[in-house]
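Peer 1: Structure in C-alpha cells, see below.
The values are calculated or read from the model by the stated rules, or taken from the named source; none is laboratory data. Quick caveat: nothing in here was measured; it's all calculated off a predicted structure. Counting neighbours? That spans all protein chains shown, and the Cβs are built from the backbone with ideal geometry, glycine included.
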Amino acid sequence: MPESQRFGGTIAMVTGRYPGLSLTFIDREVRALREMGVDLITVTVRSPDPQALSGAFQHEEAGRVFRLLASAQRPAYGAKALFMAARHPHRLAATARLAIATCPAGARAMALQLAYFAEAVLLAPHLRARSVKHLHNHLGDSSGTVTMLAAELVAIPFSITLHGPEIFQSAQRWRLDAKIARAQFVACISEFGRKQAMRFSDEAHWHKLKVVRCGVNPGLYAAEPTARKGHDLLFVGRLEERKGVNFLLDALALLKARGSDVRLKIVGNGPQKEALQSQTATLSLDAMVNFAGTKDEVGVSEALRHADLLIVPSLSEGLPVVIMEALASGVPVVASAVDGIPELVRDGETGRLVPPADPQALANGIEQLLQDPGVRLRMGNAGRQLVAAEYDAHRNALELLRLIAPQISAAYSS
C-alpha cells in the first residue's frame, strides 16, 4: 500500500493570496500531494487576483480554494462562525490569550492582530466541516498568524514552510519565535533558511526545523543538454529592486562594449519595469533586450529551451525555483552569491557565483561561460543530476507528508 494511503485525515494548506503566478512552488506541492492520494484543501485569506493567474491548474484551483475574507460577506456563514466559537468558550478564550501574547507592540499591530483573530474565527467552521486534522502554512507572515490562531481554536496541530528572505527580515514583527515554538515542525526550504530560523528561535525548538526543499518536475524540462554557441541570456522573475536587473543591464552594456554578441530575454513584470525599459534605452541596448512579460510554467520551460545561461543577479533571495527549472533544463546559471543560492549554484560545478551589485563581475562570469560550450555542457549535466537528486517536487512533497503524518495519526487516535 502506498505510504500516502496509510495517512488519514484532511490537510488544509493556508496562504495569504493563492493561487498566483509567483506561487507555482505551492502548485507543485499541492499537485504532488493530491497525486499521492492525500485529501488536501487550499485556503486563501484574500481572494486571488484574476490577472495574476497563469495556466490551467491555477485557474482551476482559483475555483476550488476557500476564500476566507470573502466568506465574511455571507451573513449565514459569519453567524455560523460566531455560534461555533461561542459553543467552545474555553478554546475561544485560549485563542484570544494567544493572540494577545503574540501581538507586537503598537496600536496598528494590535488592530491587525484583532483582524487575524477574527479571520481565525471565520476559518474554524470550514476546518471542522472538512474534518481537517492538520494545518500547513506557507511563508509564516500574516497568514501564518491566522494559521497559528485557527489551530489553537480548533485544537489541531499546524506547521509552516519558511521561504525568505522577507520573513527573516521581519521576524520580530511576525513573532517567528512563537510560531516555531508552537508549531509541530517548521519546514525550511534551504540550509541557509534553517540557520536563519535558528537565529529567531529558542535552542529547545531547533529540532523542529527541517530542511524540506521546494522542487520541480524534472520531466517537464529539456532532454540532455547540447553544446551551443552561446548568445542567449535569460532572466525570469519579478521586476523589483531586490532582483538586481539594473545591474544585469549594466553588465550587458559592458559585454556590448567588449564586442560580445549576446541577447537577453527578460520574463516577468513588476514595479521596476518602466525604469528598466528606460535604462535599456539609455544604454542603447534595445536591440539586445526583449521584455517578454510574464509566462507560466510551460512558457518558462520553453524559454529555457532557447537559453544558454540563466542570470540571477539578485540582492537577496530565498531559493529561487527558476534556478531549479534552469538546472533541470541543463542550463547553467550565473548568480549572485547571496542567501540560499549557493546551495543550488555550485561555483564551477552548476554555474558561476559572483558578488551582488557588481556589473563588472557579472559581465566577467557571463563572458567566461559563453565562450566555453564544453564547460556549459558539463555544468548543464551536473545541474540536471543535482535537481533529480535533491529538488524533485514529488519526492520533497512526500518528505513534507512524512513530517505531517504523525500529527494526523495522533489527531485521529484522540
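Yes/no per residue for (1) surrounded by fewer than 24 Cβ atoms within 10 Å (Cβ to Cβ); (2) more than 22 Å from the chain's Cα centre (by Cα):
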residue: 140; (1), (2): no, no
residue: 146; (1), (2): no, no
residue: 155; (1), (2): yes, yes
residue: 172; (1), (2): yes, no
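Peer 1: From the list 220, 176, 233, which one is aliphatic (A, V, I, L, M) and in contact with a Phe, Trp or Tyr (Cβ under 8 Å, 6 or more places away or on another chain)?
Peer 2: 176
Peer 1: Which pairs turn up if I take residues in region 268-280 that are more than 22 Å from residue 54 (Cβ to Cβ) and look for partners that are assigned to a helix (DSSP H, G or I) with beta carbon separation below 7 Å, at least 6 apart in sequence or on another chain?
Peer 2: If the second residue must be assigned to a helix (DSSP H, G or I), the pairs left are 279/246; 279/249; 280/249.
Peer 1: Kindly establish whether residue 83 is loosely packed, with under 14 Cβ neighbours inside 10 Å, among the aromatic types (Phe, Trp, Tyr) and in the same structural domain as residue 211 (by TED's automatic domain parsing).
Peer 2: Yes.
Peer 1: Kindly list, by first and then second residue, each pair from a residue in region 362-391 that is of a type in the set (Asp, Glu) to a residue that is part of a helix (DSSP H, G or I), limited to pairs with Cβ atoms under 8 Å and residues at least 6 apart or on different chains.
Peer 2: 367/255
Peer 1: Turning to a different aspect of this structure: If I ask for residues that are under 14 Å from residue 113 (Cα atoms) and among the hydroxyl-bearing types (Ser, Thr, Tyr), which ones from region 125-184 would you list?
Peer 2: 142, 143, 145, 147
Peer 1: Let me ask you something else. Any idea how many residues of region 31-53 are surrounded by fewer than 21 Cβ atoms within 10 Å (Cβ to Cβ), modelled with pLDDT under 95 and of a type in the set (Gly, Ala, Ser)?
Peer 2: 2
Peer 1: Look through 211, 216 and report the one residue that is touching a residue at least 60 places away in the same chain (Cβ under 8 Å) and either crowded, with 22+ Cβ neighbours inside 10 Å or in the same structural domain as residue 81 (by TED's automatic domain parsing) (or both).
Peer 2: So the residue among 211, 216 that is touching a residue at least 60 places away in the same chain (Cβ under 8 Å) and either crowded, with 22+ Cβ neighbours inside 10 Å or in the same structural domain as residue 81 (by TED's automatic domain parsing) (or both) is 216.
Peer 1: Quick one: residue 180 ticks every box in (1) under 19 Å from the mean Cα position of the chain (by Cα); (2) assigned by TED's automatic domain parsing to the domain that holds residue 344; (3) surrounded by 22 or more Cβ atoms within 10 Å (Cβ to Cβ) bar one, so which box is it?
Peer 2: (2)
Peer 1: Based on this model, can you work out whether residue 104 counts as touching a Pro at 6+ places or on another chain (Cβ under 7 Å) and touching a residue at least 24 places away in the same chain (Cβ under 8 Å)?
Peer 2: So residue 104 fails the test.
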